[in-house]
């Protein structure tokens with residue numbers, strides 16, 4: 001009898017839904033139906049934020065993956081993520097995302113809002129790096145095929161990690177940006193640009209002070 | 001309550017009981033010093049309490065309550081039982097809230113609380129020997145994971161925060177350590193099996209563990225701690241090795257959740273023991 005009762009409880013936990021503040025959520029929604037994201041590109045156009053999302057799509061059973069891109073718009077960062085979720089039959093999963101490319105304006109004036117909206121998401125990693133696009137839009141940088149085979153966002157992330165290790169760039173993952181901004185100190189973000197042959201290359205660092213002033217290093 | 005508890009088991013459950021707080025710690029420099037001071041003070045309290053039990057030849061708290069007049073002893077047992085229930089519920093609330101904010105946002109809090117209480121009941125109803133026996137390997141496993149987690153995140157810490165730390169020194173005491181007192185009441189002391197050394201060591205290990213966990217969060221995240229709901233948990237996740245070892249905070253959290261399960265089981269054991277001693281009518285019910 002006890003075993004039957006236990007089994008019933010376990011079965012009840014496999015499915016079901018509950019009402020939260022504004023939507024119905026499935027009890028097991030975290031177990032499946034997630035869309036892994038490898039990178040994001042965020043820009044601001046006509047007073048609206050525009051986010052291009054690079055998701056990882058598994059096309060074959062032998063484990064080969066390819067990128068897929070889609071774009072959402074919203075008035076603030078939280079709504080960007082919400083709108084992206086609404087577009088999909090699954091849910092954005094930022095745990096694998098390791099880079100966000102933003103325009104210079106967002107880096108100067110909206111970095112705090114962006115970081116705050118990211119830390120509200122339990123799936124976003126604190127080691128996520130933010131890079132600034134120069135001479136191109138963030139989504140152009142993101143969608144440019146990498147020199148090596150693979151997903152462009154992941155290739156960019158590896159590039160930044162290597163250049164951080166060899167100290168070409170200062171190491172500013174998201175938790176350090178948050179720490180420095182709260183302390184009123186300058187932060188340094190890596191700058192990515194398109195080279196003449198159409199590939200993404202690291203250029204320099206942009207140093208952003210707490211009042212939004214910038215200089216390149 | 002006449003069960004045999006080996007000294008090391010008791011030391012282990014005291015260490016695990018303290019480490020269960022590892023996910024929810026405050027991380028300001030003042031708090032870090034208060035954890036350190038509290039560790040010293042509560043290690044002394046443990047030492048003195050167990051020495052007094054040995055001096056008066058009293059086995060444990062229950063035996064003490066049975067020696068004093070029943071109009072004092074029984075209400076005292078009943079109050080301690082209520083405190084144990086309170087600590088158990090507190091563990092359920094904080095762990096279920098943690099799960100909802102981090103890993104399982106869609107699972108209602110009451111359901112995750114029920115899971116914890118079920119685990120606590122399964123282990124706790126069998127008495128403190130069973131829980132303590134379970135706590136001993138758990139302590140080794142958790143301490144191993146915590147030490148590894150601390151070690152691999154050292155490189156991400158900010159040295160200047162460490163240099164400025166002595167400026168914030170104070171003599172505050174952390175109220176978190178007050179919850180150790182009910183756990184201490186489960187300790188036994190006999191002439192043949194002296195537990196003072198191991199219990200005191202357990203409190204020191206648990207307290208130092210908490211201090212190091214909070215210190216790591218402060219050194220790695222700095223002021224960002226104030227913006228994060230669980231800075232000690234987040235700080236464990238800043239390290240990764242390639243694509244295969246990521247989300248170190250999950251492994252860290254699993255070890256602390258294990259500690260929380262032991263803590264809840266201990267409190268359930270204490271509650272059952274106290275209520276059965278205070279209300280004799282309850283003894284006819286099987287555990």
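Exactly one residue among B:193, B:221 is at the interface with chain A (Cβ under 10 Å from one of its Cβ atoms) and either surrounded by 24 or more Cβ atoms within 10 Å (Cβ to Cβ) or in contact (Cβ under 8 Å) with a residue 12 or more places away in the chain (or both), and that residue is B:221.
On inspection, residue B:159 fails the criterion of being farther than 22 Å from residue B:266 by Cβ, out of contact with any strand residue (DSSP E or B) (no Cβ under 6 Å at 6 or more places or on another chain), within 14 Å of chain A (Cβ to nearest Cβ) and modelled with pLDDT of 90 or more. For the range A:171-217, a residue qualifies if it is within 18 Å of the chain's Cα centre (by Cα) and in contact (Cβ under 8 Å) with a residue 60 or more places away in the chain, and the qualifying residues are A:177, A:178, A:189, A:190, A:191, A:192. Here residue A:83 does not qualify as more than 14 Å from residue A:55 (Cβ to Cβ), assigned to a helix (DSSP H, G or I) and modelled with pLDDT of 90 or more. In the condition set (1) at pLDDT 90 or above; (2) under 21 Å from residue B:158 (Cα atoms); (3) within 13 Å of chain A (Cβ to nearest Cβ), residue B:253 is compliant with all but (2). Yes or no: the range B:141-152 includes at least one residue that is within 14 Å of chain A (Cβ to nearest Cβ) and either closer than 30 Å to residue B:238 by Cβ or modelled with pLDDT of 85 or more (or both). Yes: the range B:141-152 contains one or more residues that are within 14 Å of chain A (Cβ to nearest Cβ) and either closer than 30 Å to residue B:238 by Cβ or modelled with pLDDT of 85 or more (or both). Tell me, which residue of the range B:224-240 that is assigned to a loop (DSSP other than H, G, I, E, B) and more than 7 Å from chain A (Cβ to nearest Cβ) is surrounded by the most Cβ atoms within 10 Å (Cβ to Cβ)? Top of the filtered list is B:236. Residues that are at pLDDT below 90 and in contact with a helix residue (DSSP H, G or I) (Cβ under 6 Å, 6 or more places away or on another chain) were ranked within the range A:91-111; the one that is nearest to residue B:157 (Cα to Cα) is A:98.
Please go through the range A:100-128 and give me each residue that is more than 14 Å from chain B (Cβ to nearest Cβ) and crowded, with 16+ Cβ neighbours inside 10 Å, ordered by number. Even if it seems obvious, please write down each step before you answer.
As a first pass, look at the range A:100-128 and keep what is more than 14 Å from chain B (Cβ to nearest Cβ): A:100-110.
Correct list: A:100, A:101, A:102, A:103, A:104, A:106, A:107, A:108, A:110.
Taking the criterion of being under 25 Å from residue A:94 (Cβ atoms) and over 20 Å from the mean Cα position of the chain (by Cα), would at least one residue in the range A:139-146 satisfy it? Reasoning before the result, please.
Of the residues in the range A:139-146, the ones under 25 Å from residue A:94 (Cβ atoms) are A:139-146.
Okay, now just the ones that are also over 20 Å from the mean Cα position of the chain (by Cα), so none.
Checked the range A:139-146: no residue is under 25 Å from residue A:94 (Cβ atoms) and over 20 Å from the mean Cα position of the chain (by Cα).
If only residues of the range B:255-287 that are in a helix (DSSP H, G or I) and out of contact with any helix residue (DSSP H, G or I) (no Cβ under 8 Å at 6 or more places or on another chain) are counted, the one that is farthest from residue B:139 (Cα to Cα) is B:281.
If you go through the range B:94-116 and keep only what is assigned to a helix (DSSP H, G or I), surrounded by fewer than 16 Cβ atoms within 10 Å (Cβ to Cβ) and facing another protein chain (nearest Cβ under 10 Å), you end up with B:101, B:114.
Only a single item in (1) over 15 Å from residue B:158 (Cβ atoms); (2) surrounded by 15 or more Cβ atoms within 10 Å (Cβ to Cβ); (3) over 19 Å from the mean Cα position of the chain (by Cα) is not met by residue A:155, and it is number (3). Of the residues making up the range A:83-98, just one is more than 14 Å from chain B (Cβ to nearest Cβ) and within 14 Å of residue A:39 (Cβ to Cβ), namely A:84.
Please find, within the range A:158-170, the residue that is farthest from the chain's Cα centre (by Cα) out of those that are over 25 Å from residue A:120 (Cβ atoms) and crowded, with 19+ Cβ neighbours inside 10 Å. Applying the filter and picking the extreme gives A:169. Here the range B:53-81 is the region considered, the condition is being loosely packed, with under 13 Cβ neighbours inside 10 Å and in a helix (DSSP H, G or I), and the residue that is farthest from the other protein chains (Cβ to nearest Cβ) is B:55. Restricting attention to the range B:168-185, the residues that are exposed (fewer than 14 other Cβ atoms within 10 Å of the Cβ), outside any loop (DSSP other than H, G, I, E, B) and touching a residue at least 60 places away in the same chain (Cβ under 8 Å) total 1.
Residues that are surrounded by fewer than 18 Cβ atoms within 10 Å (Cβ to Cβ) and not in a helix (DSSP H, G or I): does the range B:27-39 have at least one? Yes, some residue in the range B:27-39 is surrounded by fewer than 18 Cβ atoms within 10 Å (Cβ to Cβ) and not in a helix (DSSP H, G or I). Yes or no: residue B:248 surrounded by fewer than 21 Cβ atoms within 10 Å (Cβ to Cβ) and within 11 Å of chain A (Cβ to nearest Cβ)? Taking the combined requirement at face value, the residue satisfies it. So which residues in the range A:161-215 are within 14 Å of chain B (Cβ to nearest Cβ), touching a strand residue (DSSP E or B) at 6+ places or on another chain (Cβ under 6 Å) and in a helix (DSSP H, G or I), if there are any at all? Across the range A:161-215, the qualifying residues are A:177, A:180.
The values are calculated or read from the model by the stated rules, or taken from the named source; none is laboratory data. Here the structure is a predicted model, which is why all the values come from computation and not from measurement. Don't worry about glycine lacking a Cβ; one is built from the backbone with ideal geometry, like all the others, and counts go over all protein chains shown.
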